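Everything on this sheet refers to the single structure shown next.
Every number here is computed from the coordinates shown, using simple stated rules; none is lab data. Note that the structure is predicted; figures quoted are calculated from it, not measured. Glycine also receives a Cβ, built like all others from the backbone with ideal geometry; neighbour counts cover every protein chain displayed.
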Amino acid sequence: MADRRSMARAAGGASALLTGLLLSACSFAPAYAPPQLPEPLPAAYKETGPWTPAAPADAAPRGAWWALFGDATLNDLEGRIDQANPDLAAALARYDQARALLSQARAGFLPDVDYDGHFTRNRQSDQKKLPGSPTFVSDNVVGGEITYELDLWGRVRNTVKAERAASRASAEDLAATRLSLQAQLASAYLSLRAMDADAAVLADAIAAYEKALGLTEARYRDGAATEIDVDRARSQLETARSQQASTLSSRALFEHAIASLIGRPASTFSLAANPQAFPAPPPVPVTAASDLVQRRPDVAAAERRAFAANARIGVAKAAFFPSIGLDAGGGFDTTHGNLLSAGASYWTLGPSIVLPLFDAGRRQGVARQSQAEFDEASANYKAVVLSAFQQVEDSLAQCNRLATASDAEAKAADAAARAQDIALKQYRDGATTYLDVVTAQTAALDAKRLLVGLNSQRLQASVGLIRALGGGWTPGTSPDV
């Protein structure tokens, strides 16, 4: 009974001590605020235009943003990224690692419980044992121990805060990786369709040049054309064939890139040519400039890393103060007789303290390092935000300026096509030389191919703008950790 009363008094005292210490617990992490930019966020983007209209945030492309291009094949390909892309799988594994680190940090809130049990039979040295003591001795122990660190200075709490922020940053990294891969796939697919359209333009030109060469050879046989005219027509035809082969070579590279993005070997993947699948560039609605830092996962990740670095300052400062714990243990220990009898019991209960005295400046160095890491994370956050606004403005300028260029080039292509028809008709009638035909055909083909190229650039700018605006990522999509 006496042992039980003593244990109860010790437990009560320890409980009172624990309560008092926890109530006075503090944290040495500095008060956190997101790093401030050199200037306030702009109220609006300066490069908006008719092809990038400003709109409320809920109208911005989210979720399956690639559906803006209206291509069922692209929609299907984008859906395969989550299933088989190895880069996305690696990003998911990194997020799982961050979650595991958070679980490890949270374990500091609870005591460690250990069990100790062993049953041994020992022979003592004849030259070491005391006179009269037995040669063979048993040692049977069944017991356990509980240890708990009192988080007086916020070391555990700030560690958990830091790991939680790091886990959320990893979740945003995962979202950024997914968005990047989606944009890469859309860019490669639209480039492939641009190659299809360019190849179709060249195929039409090759068919026309073959007819022109036949006409010129017939006129040469009749004495109405010179050998120079024949060579010019043949050179025109072979140049177009060479350009078509180069276009198909570029198309193959984009097809291979798409295969890798969806986790397929390039040797087993192909997409049929379809010039009609080359879409018209869509207008991309734009969110308010102030919403950009909430929409982009890389910005959110950079901010969470700054928060984590701020919390780790508190962890480093807590190391200057005593580590106080509460230890409790008990069990049964005997060398003979009934192991579980009252006489074989033992217990221990009480606080422990470790006071740092001298470490040659190690803790001070860790504290300076943590402050420098926070400064680095803050600077990185500012750089990511500034880069985000630059990328949006760049894409806005491209979308709107290229639209103007495309409209002008469409008119130029129409005029060049009419000039080509007129020159060929006049040549048939003998009113002009074949050099005028070649000049008109070259101008017409160049104008058509340039128009395809400009529309391709506009599509790429649209993808770039959606990516710069944060794509399908929205606040709150990362798991609550």
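So here's what we get for this one:
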item: Some residue of the range 407-420 being in contact with a Pro (Cβ under 8 Å, 6 or more places away or on another chain) and either farther than 30 Å from PRO282 by Cβ or surrounded by fewer than 19 Cβ atoms within 10 Å (Cβ to Cβ) (or both); result: no
item: Residue satisfying all of: in the range 423-438; surrounded by 15 or more Cβ atoms within 10 Å (Cβ to Cβ) and out of contact with any Asp or Glu (no Cβ under 8 Å at 6 or more places or on another chain); nearest to LEU190 (Cα to Cα) among these; result: VAL438
item: Residue identified as free of Cβ contacts under 8 Å to residues at least 12 places away in the same chain and out of contact with any His (no Cβ under 9 Å at 6 or more places or on another chain) among ASP204, ASP198, ASP114; result: ASP204
item: Residue satisfying all of: in the range 127-185; in a loop (DSSP other than H, G, I, E, B) and touching a residue at least 40 places away in the same chain (Cβ under 8 Å); farthest from the chain's Cα centre (by Cα) among these; result: LEU152
item: Among (1) assigned to a loop (DSSP other than H, G, I, E, B); (2) loosely packed, with under 13 Cβ neighbours inside 10 Å, the one test that LEU339 misses; result: (2)
item: Residue in the range 458-478 that is without any contact (Cβ under 8 Å) to a residue 40 or more places away in the chain, in a helix (DSSP H, G or I) and not polar (S, T, N, Q) present; result: no
item: Total residues in the range 386-404, condition among the hydroxyl-bearing types (Ser, Thr, Tyr) and crowded, with 18+ Cβ neighbours inside 10 Å; result: 1
item: Residues of the range 227-286 that turn out to be touching a residue at least 12 places away in the same chain (Cβ under 8 Å) and not in a helix (DSSP H, G or I), as a count; result: 17
item: Residues of the range 64-89 satisfying the condition of being aliphatic (A, V, I, L, M) and either in contact with a Leu (Cβ under 6 Å, 6 or more places away or on another chain) or part of a helix (DSSP H, G or I) (or both); result: ALA67, LEU68, ALA72, LEU74, LEU77, ILE81, ALA84, LEU88, ALA89
item: Pair list, Cβ under 8 Å, 6 or more apart: the range 365-380 residue touching a residue at least 24 places away in the same chain (Cβ under 8 Å) and within 21 Å of PRO38 (Cβ to Cβ), other residue part of a helix (DSSP H, G or I) and among the charged types (D, E, K, R); result: PHE374/ARG312; ALA377/ARG305; ASN380/ARG305
